[in-house]
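S.K.: Let me begin by handing over the structure; questions about it come next.
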Amino acid sequence: MYVNIYSYVNKYTLYISVMMSSNVKVECTDDKGRILVATKSLSAGQVIFQEEAYVFGSWHKFRCLVCDEAHDPDTCTRVEESFANLRISGDDCTRNSVGSGSAQKKSKYTYSEIEDALSEIEGIDELDRARTLLKCLRIYSTSEDEKDRLLSVFEELTTANLDKCMSCAAQIRENDMLAGIIPPGVADTLLGKLISGLNTNCHTLEDIGGSGLFLSACICEHSCVPNCNFSTNRTTLTLTAVRPIKEGESLTLDYGENYYRPTEERLIDLQDSYGFVCTCPACNGEVPDKSRAFECPKSSEHLAQKHTVFPPQWKCIGCGHQLAKEVQERYEQIEARHKEDPPESLEEVKNILEEKILKKEHYLLFDCLDAIAHQIASECVSAQDCIEQELELLWIAIIECIEATLPEFHFNKIIYYEQFAQIYVKLGDLDKAKEFFTKAYEMAERVVGKSELCPTTKDLESLAANPPKTVAELMRKYQNTSKEIEEQLKFEESLQS
Ligand SMILES: [Zn+2]
Ligand SMILES: [Zn+2]
Ligand SMILES: [Zn+2]
Ligand SMILES: [Zn+2]
């Protein structure tokens with residue numbers, strides 16, 4: 001059965017801009033449910049569509065849930081108006097006195113207390129999830145039309161861990177502080193479905209910090225080697241093709257943040273979070289597990305990677321050499337030992353590298369290097385700090401790992417290139433800063449989309465064309481608070497005098 005995207009968007013208001021919705025359609029399959037397929041061939045870097053979040057929530061306490069500005073929600077009149085029906089505040093609580101158990105008629109809790117209590121319920125766990133749930137309950141109580149739309153939206157969504165979410169719903173109802181947020185007519189089955197639907201389908205909002213439900217993007221199938229990337233600008237999501245896509249091909253996204261995890265861990269995480277066993281090319285053995293890199297016995301320059309096609313085989317990507325069975329077993333034993341007690345310092349990483357078995361690209365070593373590289377980068381302010389800490393060398397190693405392990409076109413490469421460019425600004429090496437801002441920009445053009453449509457790309461384009469020359473300028477470009485800039489300026493002045 002085929003459902004054209006137009007009927008879909010008509011039913012649930014227009015979420016995709018009309019101009020771009022002709023690139024995709026919804027297809028209902030027997031085995032995988034709804035999927036999104038291309039209606040024409042799409043080129044790499046092409047923006048497929050942009051859509052607005054149906055509901056979203058920030059994970060920053062200082063951002064008001066309703067206005068999304070930095071002010072206290074408890075003093076916001078819009079919060080009071082929006083949630084009056086949910087008995088969080090305001091006087092209009094009479095309609096909720098039915099079916100809300102022993103809870104008092106008027107809430108004695110502030111909005112902040114309610115959202116905190118809700119985010120502490122196991123299965124909700126996060127402030128942004130608590131807020132999106134509160135918004136859904138508000139939508140339910142707004143009008144009959146809004147309620148019908150909410151119900152049909154969630155009827156279509158996939159739901160993982162439904163049992164756990166049902167018990168989560170029961171916990172909310174039994175909680176004196178929270179029972180009042182459940183509108184009359186909402187049974188635990190529906191509440192559980194809302195929680196599960198949000199947990200399974202929300203996307204991260206990168207710049208605001210939070211998550212949102214995007215009704216079209218959430219239909220995309222998962223793949224650990226996806227053909228699409230999503231990026232967000234405030235509450236707008238952009239779906240972009242990262243490689244050429246044929247007409248009729250299913251659009252795929254990486255649901256997890258598992259871009260540097262070994263296959264076994266990734267499979268478990270996807271199963272736990274989304275309730276399915278991934279059979280994508282990276283999980284079924286077509287593509288080797290790049291996160292577990294051993295040194296090829298023939299050359300210390302070469303990486304041997306595990307090909308999981310039966311029988312599993314470690315093979316060098318440099319010369320094709322296959323590790324002998326006994327070598328393979330010995331290496332895996334050593335790997336298991338390091339997994340028991342992962343390295344935590346540069347010294348420990350060096351010791352492991354001297355064994356000439358695990359390469360620095362191995363996730364156990366990369367995890368440690370990556371954490372230290374970020375830690376030191378955030379602590380170093382002056383060029384002198386960076387030089388003393390050998391930050392450049394460390395980041396060269398990190399970039400090598402990223403380039404060896406991630407797919408050729410990957411969103412996280414933008415982040416790493418941009419961070420390295422910032423370090424070069426601190427080091428005062430403006431040519432290198434320009435080089436890495438340019439790499440970030442070119443990757444963004446390919447993974448996020450052209451700057452006309454995508455603010456992220458546009459920002460990087462201007463950084464590449466005109467890299468900041470001082471740390472203060474760098475901070476200004478990244479819109480840090482004026483207080484931080486003042487302190488930085490003072491610091492730089494003190495160096496000059
Ligand atoms: Zn507000
Ligand atoms: Zn996979
Ligand atoms: Zn080799
Ligand atoms: Zn060889």
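S.K.: Output the number of residues of region 266-283 satisfying the condition of being in a helix (DSSP H, G or I) and of a type outside the set (S, T, N, Q). Can you show your working first?
M.R.: Going through region 266-283, the residues in a helix (DSSP H, G or I) turn out to be 266-274.
Retained after the next criterion (residues that are of a type outside the set (S, T, N, Q)): 266-270, 272, 274.
Within region 266-283, residues that are in a helix (DSSP H, G or I) and of a type outside the set (S, T, N, Q) number 7.
S.K.: Right, next: What about residue 258, is it touching a helix residue (DSSP H, G or I) at 6+ places or on another chain (Cβ under 9 Å), away from ligand 1 (no atom under 16 Å from the Cβ) and of a type in the set (S, T, N, Q)?
M.R.: yes
Every residue, every condition in (1) surrounded by fewer than 22 Cβ atoms within 10 Å (Cβ to Cβ); (2) out of contact with any Pro (no Cβ under 7 Å at 6 or more places or on another chain), yes or no:
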residue	(1), (2)
201	no, yes
212	no, yes
236	yes, yes
245	no, yes
254	no, no
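S.K.: Pairs please, first residue from region 129-146 and without any contact (Cβ under 8 Å) to a residue 12 or more places away in the chain, second anywhere and in a helix (DSSP H, G or I) and hydroxyl-bearing (Ser, Thr, Tyr), Cβ atoms under 8 Å, 6+ apart in sequence or on different chains.
M.R.: From residues that are without any contact (Cβ under 8 Å) to a residue 12 or more places away in the chain, the pairs are 146/140.
S.K.: Would you tally the residues in region 133-159 being open to solvent by less than 10 Å² (accessible area, probe 1.4 Å) and more than 25 Å from residue 112 (Cβ to Cβ)?
M.R.: Residues flagged as open to solvent by less than 10 Å² (accessible area, probe 1.4 Å) and more than 25 Å from residue 112 (Cβ to Cβ) within region 133-159 amount to 2.
S.K.: Additional query: Restricting attention to region 334-353, report how many residues are within 16 Å of residue 297 (Cβ to Cβ) and of a type outside the set (A, V, I, L, M, F, W, C).
M.R.: The total comes to 1.
S.K.: Another question, then. In the set 286, 295, 301, which member is within 16 Å of ligand 2 (Cβ to nearest atom), in contact (Cβ under 8 Å) with a residue 12 or more places away in the chain and farther than 21 Å from residue 371 by Cβ?
M.R.: It is 286.
S.K.: OK, next. I'm trying to understand the selection: among the residues of region 30-79, which are under 22 Å from residue 450 (Cβ atoms), open to solvent by 20 Å² or more (accessible area, probe 1.4 Å) and assigned to a loop (DSSP other than H, G, I, E, B)?
M.R.: First, pick out the residues of region 30-79 that are under 22 Å from residue 450 (Cβ atoms): 36, 38-52.
Filter once more, so that each one left must be open to solvent by 20 Å² or more (accessible area, probe 1.4 Å): 39-41, 43-44, 46, 50, 52.
Scanning region 30-79 gives 39, 40, 41, 43, 44, 46.
S.K.: Next question. Of the residues 185, 212, which is small (Gly, Ala, Ser), more than 20 Å from residue 65 (Cα to Cα) and in contact with a Gly (Cβ under 9 Å, 6 or more places away or on another chain)?
M.R.: Every option except 185 fails the conditions.
The values are calculated or read from the model by the stated rules, or taken from the named source; none is laboratory data. Keep in mind that what you see is a predicted model, and the values were worked out from it rather than measured. Glycine also receives a Cβ, built like all others from the backbone with ideal geometry; neighbour counts cover every protein chain displayed. The accessibility values were calculated without ligands, DNA or RNA, using every heavy atom of the protein model including side chains. Shrake-Rupley method; radii C 1.70, N 1.55, O 1.52, S 1.80 Å.
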